[in-house]
Every structure is written in C-alpha cells, then in structure tokens.
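Quick notes on the structure that follows.
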Amino acid sequence: MQESTAETPTCWGFTLKELQVEQSKDKDLTIIIEWLLKGKGPDEGILFLASPEAKYNWLNKELFQLVDGVLFKQKLNSIDLELVVPNSRQEQTLVWHHDKPSSGHQGVART
C-alpha cells in the first residue's frame, strides 16, 4: 500500500489518479461518470444492455458525485459520501480492510 503524502494523496490505499482511471474503465460506472461529466444520459439501447448494477446506478444517479475526478455516492438520509470502489479493486480493498490486523476487523474466522 502506498503511503499518503501531500504530493501524492492516497485514498483507501490507492492514489486518486489510480481510482479515477479504474473507475473510468468499470463498465458499471461509465454511464454515471459520463452523465456527471457531460450532463447527457445513455441511449435507451445502451441502458437496456447494461448490467443490473449499471441500471441500479442509473436509477440512483442523483446520489453520485465527482470529487477531484473520483466517483463517490451519497449515503441515504445522510450528507456523508462513500467511495465507489471499481470492480477491479474490490477484492483488494476487502483484503486491506478486513484481513489485516491493523484494520480492526478480526477476519471471517473470528466473526
């Protein structure tokens, strides 16, 4: 995991640029990112062929926002934002936040 510095801040073990790149490659997130950047929704055919996760994201599009180019989702009934972890980084993120002793989580065997 990369150390966070003033020159290269990290967010959950990734640089902001890494998160931005990985989010832009995630097919479940591209519809939302394009809408936020360009204000234009997908064509009906694109949405029809999209995954269930992408469709769910589209139906809840008003909960998403870009912060410094990184996609976050507002928690329901809250002003707090949650990082949207791209599919390519989900397994690694779970390991970092659940299996490491410093994460405060005792792992699957102890819960």
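The values are calculated or read from the model by the stated rules, or taken from the named source; none is laboratory data. From a predicted model like this one, the values you see are computed outputs, not experimental measurements. We place every Cβ from the backbone using ideal geometry, glycine too, and count neighbours over all the protein chains shown.
Numbers below:
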| item | result |
| --- | --- |
| Residue selected from the range 96-106 under the condition surrounded by 12 or more Cβ atoms within 10 Å (Cβ to Cβ) and in a helix (DSSP H, G or I), by the criterion modelled with the lowest pLDDT | SER103 |
| Those residues of the range 67-85 which are in a loop (DSSP other than H, G, I, E, B) and surrounded by fewer than 17 Cβ atoms within 10 Å (Cβ to Cβ), in sequence order | ASP68, GLY69, LYS75, LEU76, ASN77, SER78, ILE79, ASP80 |
| Close pairs from the range 50-76: first in contact (Cβ under 8 Å) with a residue 24 or more places away in the chain and of a type in the set (Asp, Glu), partner surrounded by 13 or more Cβ atoms within 10 Å (Cβ to Cβ) and not in a helix (DSSP H, G or I), Cβ under 8 Å, at least 6 apart | GLU53/ASP28 |
| Helices (runs of 4 or more DSSP H) lying entirely in the range 18-60 (those with 1 or more residues that are β-branched (Val, Ile, Thr) and touching a strand residue (DSSP E or B) at 6+ places or on another chain (Cβ under 8 Å)) | 30-38 |
